[in-house]
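Below is one structure, written out as structure tokens; comments come after it.
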Amino acid sequence: MTMTLPKRVTLVEVGARDGLQNEQTPITTDIRIDLCNRLSDAGFPNVEAGSFVSPKWVPQMADTAELMGRIARRPGVIYSVLTPNLKGFEGALAARADEVVIFGAASEAFSHRNINCSIAESVARFEPVARAAKEHGMRLRASVSCAMGCPYQGEVPPAAVADIVARFADLGCDMIDIADTIGVGTPRQTQAAFEAALTVVPVARLSGHFHDTYGMALANVYASLELGVSTFHASVAGLGGCPFAKGATGNVATEDLLYMLDGLGIETGVDLAKVVAIGQWISSHIGRKAAARAGNALSARLAA
Ligand code: HMG
Ligand code: MG
């Protein structure tokens with residue numbers, strides 16, 4: 001059976017945020033700024049640049065206000081930042097972010113570990129953020145962590161995904177990310193999570209955010225494409241992980257995702273060669289090999 005896949009996919013580059021939030025090697029603000037600039041130059045329509053969260057919880061993102069003030073804004077690019085509460089929103093507003101991201105979970109246990117409150121409390125906290133975003137004409141996105149499994153509670157039923165997606169839809173979120181925080185999902189499970197979300201919102205408002213911990217991310221992207229999902233998050237060089245999900249590794253590597261999408265004839269507007277170079281460059285600053293299979297292969301071919 002041949003499925004019709006989307007002809008075009010929107011990529012959200014999350015390396016500067018999801019990638020570097022978990023990085024133990026100190027990365028200077030200048031390098032983070034350079035990373036954002038290189039990514040926008042490579043053609044990404046959305047660059048997730050940082051987080052306005054407690055610096056005690058995630059010190060790596062403490063310089064987000066400075067970064068947002070100093071990056072070279074490329075016209076048309078959406079610069080997004082994480083905002084867990086009104087204090088975070090105020091930071092995002094002052095920094096002239098285009099999109100704010102509220103982040104909740106389909107798992108109670110993870111909600112407590114990540115943002116220190118229950119799912120219901122988190123939604124109550126997000127309400128004023130959502131209202132403020134609308135008042136200021138900013139795009140509003142929401143992330144649903146642990147949609148395929150939780151490091152603390154284990155299995156997460158698709159019904160729990162539908163529940164939190166419904167709450168985010170009620171808040172008026174433009175986009176809702178279905179996130180596999182610890183990369184445990186397999187393709188049919190991914191489809192089940194999306195099918196649950198699709199009972200609440202149309203596919204155009206859903207995106208896939210897959211960590212590659214178990215090597216399933218590309219397969220899960222493909223399974224999502226089969227359902228018509230056409231927005232995906234990826235991290236250059238496969239950087240990243242969540243500090244509150246021990247052992248979780250980075251998102252699907254952007255280079256690998258682009259290589260697959262290019263091969264499928266799906267347009268992204270992103271220049272793979274540029275992304276390969278960025279992946280090698282940022283990995284050299286971090287001091288380890290990029291976790292991007294296609295990226296490393298293409299880079300080796302160029303060097304030969
Ligand atoms: P809390 O301790 O419950 O909050 O933390 P609080 O309101 O009691 O505030 C405590 C302190 O934090 C206070 O400072 C506040 O001012 C400060 P103190 O008086 O102790 O000096 N504070 C802030 N500072 C800066 N910006 C803010 C802010 N809010 C409070 N916005 C809170 C609650 C949500 C703040 C905390 O738990 C937190 O910051 N968590 C960060 C979680 C995080 O960033 N996780 C990683 C990103 S999510 C992710 O990676 C998943 C995703 O990729 C999808 C996926 O893969 O699943 C999106
Ligand atoms: Mg993530």
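The values are calculated or read from the model by the stated rules, or taken from the named source; none is laboratory data. It should be emphasised that the depicted structure is a prediction, and the values quoted were computed from it without experimental measurement. Quick reminder, even Gly has a Cβ in these numbers, built from the backbone with ideal geometry, and neighbours come from all protein chains shown.
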(request) Considering only segment 42-84, state which residues are touching a helix residue (DSSP H, G or I) at 6+ places or on another chain (Cβ under 8 Å) and β-branched (V, I, T). (result) V47, V53, V58, T64, I71, V77, V81, T83
(message) What's the number of the only condition in (1) within 15 Å of ligand 2 (Cβ to nearest atom); (2) under 16 Å from the mean Cα position of the chain (by Cα); (3) among the hydrophobic types (A, V, I, L, M, F, W, C) that L218 fails to meet?
(response) (1)
(request) Mind listing whichever residues of segment 250-267 are touching a residue at least 40 places away in the same chain (Cβ under 8 Å) and within 16 Å of the chain's Cα centre (by Cα)? (result) G250, N251, V252, A253, T254, E255, L257, L258
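Table: residues versus (1) polar (S, T, N, Q); (2) within 11 Å of ligand 1 (Cβ to nearest atom); (3) in contact (Cβ under 8 Å) with a residue 40 or more places away in the chain; (4) part of a strand (DSSP E or B).
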| site | (1), (2), (3), (4) |
| --- | --- |
| F210 | no, yes, yes, yes |
| Y214 | no, no, no, no |
| A219 | no, no, no, no |
| Y222 | no, no, no, no |
| V229 | no, no, yes, no |
| F232 | no, no, yes, yes |
| G241 | no, yes, yes, no |
| A245 | no, yes, yes, no |
| A248 | no, yes, yes, no |
(message) Looking only at residues that are polar (S, T, N, Q) and assigned to a helix (DSSP H, G or I) in segment 267-304, which one is farthest from Q24 (Cα to Cα)?
(response) S299
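If we scan segment 206-224, do we find a residue that is charged (D, E, K, R), farther than 22 Å from Q153 by Cα, surrounded by 17 or more Cβ atoms within 10 Å (Cβ to Cβ) and at pLDDT 95 or above? Show your work before the answer.
So the first thing to find is which residues in segment 206-224 are charged (D, E, K, R), and the list is 212.
Keeping just the survivors that are farther than 22 Å from Q153 by Cα gives none.
Within segment 206-224, none of the residues are charged (D, E, K, R), farther than 22 Å from Q153 by Cα, surrounded by 17 or more Cβ atoms within 10 Å (Cβ to Cβ) and at pLDDT 95 or above.
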(request) Tally the residues that are more than 19 Å from R70 (Cβ to Cβ) and in a strand (DSSP E or B), restricting the search to segment 1-36. (result) 4
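So, in segment 146-161, exactly how many residues are outside any helix (DSSP H, G or I) and either closer than 18 Å to A197 by Cα or small (G, A, S) (or both)?
Just the residues of segment 146-161 that are outside any helix (DSSP H, G or I), to begin with: 146-157.
Within this subset, residues satisfying the condition of being either closer than 18 Å to A197 by Cα or small (G, A, S) (or both) are 146-150, 154-157.
Total satisfying the criteria: 9.
Using the structure shown, decide if S143 is in a helix (DSSP H, G or I), within 20 Å of V161 (Cα to Cα) and not hydrophobic (A, V, I, L, M, F, W, C).
On the way: in a helix (DSSP H, G or I): no; within 20 Å of V161 (Cα to Cα): yes; not hydrophobic (A, V, I, L, M, F, W, C): yes.
So S143 does not fit the description; no.
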(message) Step by step: first the residues of segment 81-128, then only those that are β-branched (V, I, T) and over 20 Å from A62 (Cβ atoms), then the one that is nearest to ligand 2 (Cβ to nearest atom). Which residue is that?
(response) I119
(request) Only residues that are at pLDDT 95 or above and in contact with a Lys or Arg (Cβ under 9 Å, 6 or more places away or on another chain): list them for segment 239-270, please. (result) A253, E255, D256, Y259, G265, I266, E267, T268, G269
(request) Only residues in segment 89-108 that are near ligand 1 (Cβ under 10 Å from one of its atoms) count as the first member; pair them with residues that are in a strand (DSSP E or B) and β-branched (V, I, T), Cβ under 8 angstrom, at least 6 apart or cross-chain, and list the lot. (result) F89/V100; G91/V81; A92/V81; A92/V100; V101/V81; G104/V144; A105/V144; A106/V144
(message) Let me spell it out: the conditions are (1) surrounded by fewer than 19 Cβ atoms within 10 Å (Cβ to Cβ); (2) farther than 24 Å from A132 by Cβ; (3) modelled with pLDDT of 95 or more, and P6 meets all of them except one. Which number is the exception?
(response) (1)
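Could you list all residues from segment 80-114 that are aromatic (F, W, Y) and more than 29 Å from G154 (Cβ to Cβ)? Step through it out loud before you land on a result.
As a first pass, look at segment 80-114 and keep what is aromatic (F, W, Y): 89, 103, 110.
If the condition is that a residue be aromatic (F, W, Y) and more than 29 Å from G154 (Cβ to Cβ), then F89 is the only one that fits.
If I ask for residues that are assigned to a strand (DSSP E or B) and of a type in the set (D, E, K, R), which ones from segment 46-92 would you list? Give the steps one after another, and end with the answer.
Initially, segment 46-92 is screened for residues assigned to a strand (DSSP E or B), giving 46-51, 78-82.
Residue satisfying the conditions is E48 alone.
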(message) If V165 meets every condition in (1) outside any helix (DSSP H, G or I); (2) of a type outside the set (D, E, K, R); (3) surrounded by 24 or more Cβ atoms within 10 Å (Cβ to Cβ) apart from one, which number is that one?
(response) (1)
(request) Go through segment 1-60 and give me each residue that's farther than 23 Å from A277 by Cβ, within 16 Å of ligand 2 (Cβ to nearest atom) and without any contact (Cβ under 8 Å) to a residue 60 or more places away in the chain. (result) S51, V53, Q60
